[in-house]
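Only the coordinates and a few stated rules stand behind these numbers; no lab work does. These numbers come from a predicted model, not from an experiment. No Cβ is skipped: glycine too gets one built from the backbone with ideal geometry, and neighbour counts run over all protein chains shown.
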Amino acid sequence: MSTTPEAPALPPITVHAEAAAGARRCVSDLLEAAGARPEEVQHLLTVIEAGAVEGAHAEVAEDTQAPAGSTDEFGEGSLPSRR
């Protein structure tokens, strides 16, 4: 039986942010070592990241469509007022 406390698990967003930062540095180093100019490397990485964000947004939007038969207000994100 172990008496050493376990380190608390990092929230998933923190883990992904750290992994993404490491991957960005690695790709940047590789591209620069292959002869790409630093500004070209940054542009390419920015375009890749923007595409990833757009793809994730499209996936979330696809998964969060209003149920069939719902009103337009529901589909637009409006909630009925409470009285």
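With the simple spin-label model, which puts each label point 7 Å out from Cα in the Cβ direction, the residue 50 to residue 23 separation comes to 1.9 nm. Fully extending the segment from residue 58 to residue 32, taken as 0.36 nm per residue of separation minus the present Cα-Cα distance, adds 6.2 nm.
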